[in-house]
1. Tally the residues that are away from the ligand (no atom under 14 Å from the Cβ) and buried (at least 18 other Cβ atoms within 10 Å of the Cβ), restricting the search to segment 224-263.
2. Run down 78, 52 and say which single residue is within 24 Å of residue 349 (Cβ to Cβ), surrounded by fewer than 20 Cβ atoms within 10 Å (Cβ to Cβ), out of contact with any strand residue (DSSP E or B) (no Cβ under 9 Å at 6 or more places or on another chain) and modelled with pLDDT of 95 or more.
3. Within the bounds of segment 234-256, is there any residue that is at negative phi, of a type in the set (Asp, Glu) and without any contact (Cβ under 8 Å) to a residue 12 or more places away in the chain?
4. Considering only strands (runs of 3 or more DSSP E) fully contained in segment 97-190, which possess at least 1 residues that are of a type in the set (Gly, Ala, Ser) and in contact with a Ser or Thr (Cβ under 6 Å, 6 or more places away or on another chain)?
5. Would you say residue 107 is more than 16 Å from the ligand (Cβ to nearest atom) and under 30 Å from residue 452 (Cβ atoms)?
6. (1) within 15 Å of the ligand (Cβ to nearest atom); (2) without any contact (Cβ under 8 Å) to a residue 24 or more places away in the chain: which one isn't true of residue 374, the others all being true?
7. So which residues in segment 42-82 are acidic (Asp, Glu) and part of a helix (DSSP H, G or I), if there are any at all?
Amino acid sequence: MGLYDALWRAAEGKPEQRAFSGPDLGAEGVSYGALHARAGRWAAGLQALGVGPGDRVLVQAEKSVEVVVLYLATLRTGACYVPLNTAYTATEMAYFFADAAPTVAVLPAPEALAAHADGCCCLTLDALAAQLDEEREALAPVLRSAEDLAAILYTSGTTGRSKGAMLSHGNLLSNAQALRSLWGWQADDVLVHSLPIYHVHGLFVALHCAMLEPSEVRFLPRFSPEAVLEALPGATVFMGVPTHYVRLLDAPGLTVEASAAMRLWVSGSAPLRPETHEAFEARTGHKILERYGMSEAGMITSNPLEGARIPGTVGFVLPEGEVRLRSEEGAPVPEGAVGVLEIRGPNVFSGYWRQPEKTAESFRDGWFITGDMAQIDETGRVSIVGRHKDLVISGGLNVYPREVESVLDTLPGIEESAVFGVPHRDFGEAVVAAVVLKVDAYPGENATLAALREALAAFKVPKALFPVAALPRNTMGKVQKNQLRADYALTFRETSGATP
Ligand code: AMP
């Protein structure tokens with residue numbers, strides 16, 4: 001069965017059930033009946049714009065119910081949904097646009113990509129909504145099989161360029177069904193949703209669980225501790241990144257009483273520090289459930305709903321999935337030792353969009369090489385101990401050092417650079433850079449950071465630049481980022497509540 005069919009069938013007998021409530025959605029919110037009826041009309045409208053099975057619909061838009069309708073409508077036409085981070089600049093978008101070759105693209109400033117349009121219909125969400133809301137008969141869901149492509153999520157590697165992870169209907173549906181049962185989803189659950197919806201966490205994990213039941217989503221435009229605390233009375237589930245928990249702990253309103261109706265707090269997308277887990281339990285009486293996943297596979301492991309949720313571990317592999325550890329060369333590692341985590345299962349993607357070589361490099365005998373370093377104990381409990389590559393996760397968002405370095409190195413006065421992450425209480429990790437300067441040509445830190453902000457999304461811009469005489473390198477010429485991380489580990493030791 002296709003993903004859309006499953007979501008539609010779940011809602012079929014319950015058109016009155018509330019799907020979305022929230023600050024701008026009126027007293028009644030949006031019902032599942034209204035949501036799917038609109039998706040049906042929008043699907044017919046998309047088809048009229050030339051969107052058919054397998055075509056890409058690329059979306060860079062602020063979070064709203066309309067974006068969810070567009071997601072559902074895209075699935076309903078049999079096309080493939082390509083969400084993109086709203087922080088990407090026009091230069092970054094040009095790459096995604098060329099790579100995904102969409103039939104329809106929803107963009108905040110469509111004229112910026114007009115030169116690359118090549119037959120693609122580029123417009124703002126408002127303009128598209130106005131067209132698609134016109135009276136027309138709903139399109140019957142186009143039949144899709146488990147192998148058909150449902151979405152492309154752009155991720156990246158340390159090799160620089162983003163790669164599009166191709167996720168099938170079977171990948172997404174099997175993962176949603178597994179989580180629904182694992183986390184004991186119920187019809188009267190109310191999810192507080194403050195995550196972005198261009199990422200696996202907010203779009204797939206959170207929304208699919210609620211839609212499969214179907215149950216209510218309190219849809220907040222973005223995370224703030226105040227907005228979440230205001231939405232808590234009567235809510236039962238929250239999903240956030242570790243930074244959200246750190247910020248909630250800073251809010252005096254987070255109390256046992258405030259979270260009285262809650263049954264489940266989920267954390268993921270980056271490591272949750274055990275101190276945060278413990279402080280949260282002391283404040284609210286709730287143990288956060290930490291899970292681990294990635295764009296290429298949705299959720300991979302989860303701490304249990306019933307049973308011990310152990311801080312610093314990400315729990316057990318999901319039913320039907322498999323995990324194993326290998327050395328970099330592919331040899332099995334001794335029991336209890338650290339190795340690179342490899343995974344297999346119905347949730348694992350089939351490959352990277354139009355990148356057969358990258359796909360081939362990422363699999364070993366049918367197992368996907370996650371690039372995360374992990375340990376597995378004798379009960380099968382997984383702990384992620386670090387990232388094999390040098391990915392920095394700042395506030396739950398991935399920053400690939402290579403990409404930042406490649407921009408930095410082109411700026412005046414920069415001889416070379418090494419970008420890495422250092423601990424930060426608020427963001428988990430902060431992006432920083434060691435830079436070797438050509439002093440005469442260097443315009444200063446402020447001008448350099450301003451130039452970086454022009455080219456890169458704000459979350460990727462280093463929070464500090466450290467001038468060094470030379471980058472530390474090993475005999476093979478590789479920059480020793482471990483050493484840099486150790487040298488600058490205490491940079492943000494005293495930071496609390498800083499803004500990005
Ligand atoms: P993304 O594809 O953006 O979801 O990023 C996936 C990466 O986030 C994984 O490969 C991990 O390195 C990291 N990650 C996600 N969840 C966790 C977690 N609970 N603990 C540690 N790392 C995590």
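1. 16
2. Only one candidate qualifies: 52.
3. For segment 234-256, residues at negative phi, of a type in the set (Asp, Glu) and without any contact (Cβ under 8 Å) to a residue 12 or more places away in the chain: absent.
4. The qualifying strands (runs of 3 or more DSSP E) are 149-156, 162-168.
5. Criteria met by residue 107.
6. (2)
7. 66
To keep it simple, each residue is scored yes or no on (1) in a strand (DSSP E or B); (2) under 25 Å from residue 294 (Cβ atoms).
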position	(1), (2)
229	no, no
235	no, no
238	yes, yes
245	no, yes
249	no, no
254	no, no
257	no, no
260	no, no
266	yes, yes
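The values are calculated or read from the model by the stated rules, or taken from the named source; none is laboratory data. As the structure is a prediction and not an experimental result, all values here were calculated from the model. Positions of Cβ are backbone-derived with ideal geometry, glycine not excepted, and every protein chain shown enters the neighbour counts.
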